[in-house]
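First up is the structure itself, then whatever we jot down about it.
The values are calculated or read from the model by the stated rules, or taken from the named source; none is laboratory data. Since the structure is predicted, the reported quantities are computational estimates derived from the model, not experimental observations. Every residue, glycine as well, gets a Cβ built from its backbone with ideal geometry; the counts of neighbours run over all protein chains shown.
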Amino acid sequence: MSFTDNIETIFETIDKDNLSAVRESALSSFKTLGLPSARHEEWKYTHIKTKLPETLRLVASQESQVASKLKYFNSIKGTKLVFINGVFSAESSVIIDQSGLTVGSLKELSSQHEAIFTKHFNKATDISKENFAALNTAFAQDGAFIYVKKNTIVEAPVFVFHIYDHASADIFTQSRNLIVVEENADITIVEDFQNNNGEKFYNHVSEVFIGQNAEVNYSLLQLHNQHTTSVNYVEARLEKDARYHITTVTLDGKLVRNNINAYMDGENSLATLNGLYIGKEANHIDNHILVDHRVPNCNSHQVYKGVLDDQSTGVFNGKIFVQKDAQKTNAYQSSKAVLLSDEASMNSKPQLEIFADDVKCSHGAAIGQMSKNELFYLLARGIDKETARGILTYAFANEIIAAVKLPELRTYLDDKLKEKLNITI
Amino acid sequence: MLEIKNLHAKIGDKEILKGLNLTVKAGEVHAIMGPNGTGKSTLASIIAGKEDYEITAGEILFEGKNLLDLSPDERAREGVFLAFQYPVEIPGVSTTNFMKAAVNAKRKHHGQEPIVAKEFLAMMNEKRQLVELDKSYLSRSINEGFSGGEKKRNEIFQMAMLDPKLAILDETDSGLDIDALRIVADGVNKLKSKNNAFLVITHYQRLLNYIVPDFVHIMYDGRVVKTGDKSLALKMEERGYDWIKEEVGV
Ligand SMILES: Nc1ncnc2c1ncn2[C@@H]1O[C@H](COP(=O)(O)OP(=O)(O)O)[C@@H](O)[C@H]1O
Ligand SMILES: [Mg+2]
């Protein structure tokens, strides 16, 4: 028995809102698609179906002690939106007002900004193809709404925290962001998922619209998710001259599936997509990246790095589409993974589909082991094996963290990485 | 300090060391010379603990302890140091962080607290000046983009930081110009004391003008075939290895 068997009954229980029509069609789409089986090409290595809970419990009442779980919350200046077990917590959130910026709970703000909402909601995802995006659209509860008016440079970064601290294992939240950044605007967004209390499930969709000559720096953090099974979509649409930098950092996760999709809709736009993942024990970390070059003169640059220890598994699937009109595309992709144990494994699949003739596309995928010579060099200086392995892993992984633009975040991630690797250098 | 008795070692099916004997006492400098491929680096690597080799006979004692029982990192913390013939480049780790980890590993091993930041910086400054290594190199990734000479100076710098009992210098002089050679040799001479010992592997006599050995060993085909004083190195330089082959009848 799984939640799909009585999905309509569950659907009846959710509040009627301005989304009802969209939800209906998403539900019917999800019913057609179902949950992906191992035969589904995009889910070949990520067998999620049997790992989901039996019920679809969308939210849970929040528990206390949230502040203590956001230790670095106070040290970094910025707007902070806090969602606890899927529910927006106004009392834990801090909003730094700035003219031209609207930020808060999607549930609360969508009706106030109906025109923006209707124009964009569900326009970056393809619910006719994506099972979990359809599920999310049908059942979406709450998430961040970020709307930046044209010419607004948002001064303080916006943090979106999703805290899971409910004791029950069966919550399966469907969180949903809508981010609209108009022309010449600029914003830094940090989204962080933390699970502090046993097994959890979530399915998250973040839609990002980047206007002409606007810039979005987006970091998606999965740092404290040892017992979490999650599917994440970040779907970005870029207009002319837009710049988009997304970094995912996955240091933990029972099962993580990231779908990072960038659609180059406007000429001369730029997307950089970076990712770091570290798997231990039986972690399974799957990054599916798609960059769709639809118009001429765009640049995209992907660098994914992973380290897999114990019995952990990694998946990298990087698609680059260059449509026939997208001449002068410049697309780069690199995927590197290091296996630290004989039992760890990695599946890497670059997929370049190029229909234009005047383009520059390059890709490289490497799966390797830690260099014995490097390891011996450290050992020969008296550093014990565990620490030496940690230092070399850090050396490999650090490139992704070092490229994070927000200095306080960079420092924080650097510390987290060292903590994860148990090194103090 | 170091006693190697009848050491036999192979890699895969290939026997490289074929009954090597060597005794080094505290306060001494030993030079090892010998043609390419004769097993000098193999010997150095085995003392340092590289795992690729199979020891088929013999033993190595270091201060009376069986060295072959210790892991490479334990050996280093006990005071064995290898200056690599080919120092490794490690992108992403600064020499400063590397040395901090190494110094603290040694201190922990000897029951000491981690070094305080100020003391560490002062020590780094003092030791890098010993080999005239610019400060900027310490914050760069280990050996990355360093010239051959800079890599070798970095090895001697690391040696100074770790203050080993037994230091093995594997062809530290090759690829060095005369100025760099002098810098390296001066560094070694300043570190020399009655409590430590040096094993200097070299092809050329010229290094031994600066680091004066107490003993010179000629190694050939996996064995020490002749031992003498510093004049033996000069003789080698003049007469070449063929002379040795005839002399010892190999
Ligand atoms: N990893 C290895 N695998 C196979 N043979 C090796 C390896 N390392 C060294 N050898 C061989 O062992 C012999 C001794 O090498 P080495 O110790 O480097 O000599 P030296 O330092 O005196 O020039 C050479 O014949 C070399 O080819
Ligand atoms: Mg050699």
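So, in the stretch A:195-205, of the ones that are assigned to a strand (DSSP E or B) and at pLDDT below 90, which residue ends up surrounded by the fewest Cβ atoms within 10 Å (Cβ to Cβ)? If we take residues in the stretch A:195-205 being assigned to a strand (DSSP E or B) and at pLDDT below 90, then A:Asn195 is surrounded by the fewest Cβ atoms within 10 Å (Cβ to Cβ). The C-beta contact set for the stretch B:27-48 (first residue in contact (Cβ under 8 Å) with a residue 60 or more places away in the chain and of a type in the set (Ser, Thr, Tyr), second residue within 13 Å of ligand 2 (Cβ to nearest atom) and in a loop (DSSP other than H, G, I, E, B), distance under 6 angstrom, 6+ apart or interchain) comprises B:Ser41/B:Gln85. Of the residues B:Ala76, B:Ala83, the single one that is within 14 Å of chain A (Cβ to nearest Cβ), closer than 19 Å to A:Tyr377 by Cβ and more than 14 Å from ligand 2 (Cβ to nearest atom) is B:Ala76.
Taking into account only those residues within the stretch B:41-70 that are within 11 Å of ligand 1 (Cβ to nearest atom) and farther than 11 Å from B:Ile11 by Cβ, which is nearest to the chain's Cα centre (by Cα)? Selected residue: B:Ala44. You will find that of B:Lys100, B:Lys165, the residue that is in contact (Cβ under 8 Å) with a residue 12 or more places away in the chain and more than 8 Å from chain A (Cβ to nearest Cβ) is B:Lys165 and no other.
Against the test of being surrounded by fewer than 21 Cβ atoms within 10 Å (Cβ to Cβ) and more than 30 Å from B:Arg107 (Cα to Cα), the options A:Val322, A:Val359 yield a single qualifying residue, A:Val359. How about the stretch B:1-17: which of its residues are on the phi > 0 side of the Ramachandran plot and within 15 Å of ligand 1 (Cβ to nearest atom)? Matches in the stretch B:1-17: B:Gly12 only.
Could you tell me which residue of the stretch B:163-181 is farthest from ligand 2 (Cβ to nearest atom), considering only residues that are crowded, with 21+ Cβ neighbours inside 10 Å and within 26 Å of B:His109 (Cβ to Cβ)? Filtering first and then ranking leaves B:Pro164. Of the numbered criteria (1) away from ligand 2 (no atom under 16 Å from the Cβ); (2) surrounded by fewer than 17 Cβ atoms within 10 Å (Cβ to Cβ); (3) away from chain A (no Cβ under 14 Å); (4) more than 17 Å from the chain's Cα centre (by Cα), the one B:Lys14 fails is (1). Whether a residue is within 16 Å of ligand 1 (Cβ to nearest atom) and within 14 Å of another protein chain (Cβ to nearest Cβ) was assessed, and B:Asp170 passes this test.
In the stretch A:367-375, is there at least one residue being assigned by TED's automatic domain parsing to the domain that holds A:Ile278, touching a Ser or Thr at 6+ places or on another chain (Cβ under 7 Å) and of a type in the set (A, V, I, L, M, F, W, C)? Yes, the conditions are met somewhere in the stretch A:367-375. In the stretch A:100-115, the residues that are in contact (Cβ under 8 Å) with a residue 12 or more places away in the chain form Cβ pairs under 7 Å with partners that are in a helix (DSSP H, G or I) and among the aliphatic types (A, V, I, L, M), at six or more places apart or across chains, as follows: A:Thr102/A:Leu109. When the residues of the stretch B:18-40 are filtered to those that are more than 22 Å from B:Lys194 (Cα to Cα) and outside any loop (DSSP other than H, G, I, E, B), the one that is nearest to ligand 1 (Cβ to nearest atom) is B:Lys40.
Just one of the listed residues (A:Ser68, A:Ser75) is over 19 Å from the mean Cα position of the chain (by Cα), at pLDDT below 95 and not in a helix (DSSP H, G or I), and it is A:Ser75.
Could you tell me which residue of the stretch B:25-40 is surrounded by the most Cβ atoms within 10 Å (Cβ to Cβ), considering only residues that are within 10 Å of ligand 2 (Cβ to nearest atom) and small (Gly, Ala, Ser)? Once the filter is applied, the top-ranked residue is B:Gly34.
Is it true that B:Lys190 is at pLDDT 90 or above, assigned to a helix (DSSP H, G or I) and under 20 Å from the mean Cα position of the chain (by Cα)?
yes
Reported count of residues in the stretch B:137-165, each being within 14 Å of the chain's Cα centre (by Cα) and in a loop (DSSP other than H, G, I, E, B), is 3.
Results for (1) under 23 Å from B:Phe98 (Cβ atoms); (2) touching a helix residue (DSSP H, G or I) at 6+ places or on another chain (Cβ under 8 Å); (3) of a type outside the set (Val, Ile, Thr); (4) more than 10 Å from chain B (Cβ to nearest Cβ), shown as yes or no for each residue.
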residue	(1), (2), (3), (4)
A:Lys372	yes, no, yes, no
A:Thr387	yes, yes, no, no
A:Ala397	yes, yes, yes, no
A:Ala402	yes, yes, yes, no
A:Glu408	no, no, yes, yes
A:Lys416	yes, no, yes, yes
A:Lys420	yes, no, yes, yes
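The set of residues in the stretch B:41-73 that are within 14 Å of chain A (Cβ to nearest Cβ), in a helix (DSSP H, G or I), more than 16 Å from ligand 2 (Cβ to nearest atom) and of a type in the set (A, V, I, L, M) contains only B:Leu67. Counting the residues of the stretch B:200-239 that are within 17 Å of B:Lys5 (Cα to Cα), within 16 Å of ligand 1 (Cβ to nearest atom) and without any contact (Cβ under 8 Å) to a residue 60 or more places away in the chain gives 2.
Figure legend. Inter-residue proximity from the stretch B:74-95: first residues among the acidic types (Asp, Glu), second residues more than 16 Å from ligand 1 (Cβ to nearest atom), beta-carbon distance below 6 Å, spacing 6+ or different chains. Indicated pairs: B:Glu89/B:Asn143; B:Glu89/B:Glu144.
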